[in-house]
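> A single structure is presented below for examination.
The values are calculated or read from the model by the stated rules, or taken from the named source; none is laboratory data. These figures come from a predicted structure and were not determined experimentally. All Cβ positions, glycine included, derive from the backbone under ideal geometry; neighbour counts span all protein chains shown. When the accessible area is computed, the model is the full protein with side chains, heavy atoms only, and any ligands, DNA or RNA have been set aside. Shrake-Rupley method; radii C 1.70, N 1.55, O 1.52, S 1.80 Å.
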Amino acid sequence: MTSTASTASADLLRRAEDGDIAATSMLMTALEADTDRAREIRTEVHRAGGNAHVIGITGPAGSGKSVLVGSLVRELRSRGKRVGVVAVDPSSSISGGAILGDRIRMQGLTMDPFVFMRSMSSRGWLGGVSRATVDVVAVLDATGWDTVIVETVGVGQAEVEIVSIAHTVAVVSVPGLGDDIQAIKAGLLEVADVHVVNKSDLPEANKTASELTSMLMLSMQDSGWNVPVLSTAGLEGQGVPELVDTFEKHLDWLRSSGEYDRRERRAAEARISATARDLLIERLRGSGENQGFVDAVDDVVARRRDPYDAALGLIASL
Ligand SMILES: Nc1nc2c(ncn2[C@@H]2O[C@H](COP(=O)(O)OP(=O)(O)OP(=O)(O)O)[C@@H](O)[C@H]2O)c(=O)[nH]1
Ligand SMILES: [Mg+2]
């Protein structure tokens, strides 16, 4: 029975590799539903992966990430790449940004069979990156998509955790927002492989770019990769070919410097840890009726035990 199941999964994967979008979506849906079948699929998907260039585009809400992603997709298509796009927690009403789907549609890219787009919620798993997002990226990677772009929104953890799925992280900022630079300073400087000053048609774009450049000089680590600051703007995608060139250069550098392997290891560590934590908690709690867990809750509430001691006791009882 197992071998039939795995054959079915392998078939599905082969169809997805041949460009069958329905099969690609079925793989993603099966993983999200997390059935027994999902385990088979995850094995096949993981075995077939490791080929795509995964690019994270992150930055404050409303900084024009989706417009930029649309232009990136167009540029990458003109270079013959198959491009997958994953938007995590797409546009809030606060930023006034449109959902990524609208941006892609605006650029006339929806009919292109070599563009795949999916929106995800940002329920945290690896910080702000959901497990479903990790799975969707893995499926695209395993089924022949050359470049996978992941757009994440918000400031803080979500952006930092993008490092655990992307090879190349571009941090987007916009001119004239001093606070943004502060936010970048606080947490994002180390995660950026490339800085993008977007909306460079606005006043003070040069000032923002030079602020970033001097900040980078102050924090310069000798990694062998000099984090560039690029400017982009608008629906016409000004500066986007240069940005794509930079992404390609970064991937070359990752491969030639050994940093690619270090990042793969870091991502594997993060995923094993997150999965182990989930599995452990699942086993400790059972389906909500594990008597040992209920007793532990009683003990902690009654202050007979502290939570640390209770957790250790439960783990020891496995
Ligand atoms: N002036 C100017 N406006 C831009 C540019 N790019 C995007 N915008 C505008 O900025 C707003 C937000 O654009 P989005 O691409 O939706 O921004 P986002 O960062 O994806 O937004 P969220 O996903 O909600 O975080 C829209 O009103 C865009 O028209 C640009 O290069 N210049
Ligand atoms: Mg967006």
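> So which GluC sites (Glu not before Pro) in region 193-288 pass both tests, a DSSP loop state and at most 16 other Cβ atoms within 10 Å of the Cβ? Could you put the intermediate results ahead of the total?
Working: sites: E204, E211, E236, E242, E248, E259, E264, E269, E282; in loops: E204, E236.
Qualifying residues, ordered by number: E204, E236.
> Right, here's the next one. Regarding region 168-318, what is the average projected area of its C-alpha convex hull, in nm²? The partial results should precede the final answer.
Details: hull surface 56.2 nm².
Hull-based average projected area comes out at 14.0 nm².
> State in Å² the accessible area per residue of region 209-318; use a 1.4 Å probe, count heavy atoms of protein chains only, and round to the nearest integer.
I get 67 Å² per residue for region 209-318.
> Give the residue list of chymotrypsin sites (Phe, Trp or Tyr not before Pro) in region 214-263 that are DSSP loop and have at most 13 other beta-carbon atoms within 10 angstrom. Spell out each step's value before the answer.
Details: sites: W225, F247, W253, Y260; in loops: W225.
Listed in order of number, the matching sites amount to none.
> What does the charge count near V227 come to, summing +1 for each Lys or Arg and -1 for each Asp or Glu among other residues with Cβ under 10 Å from its Cβ?
That works out to -2.
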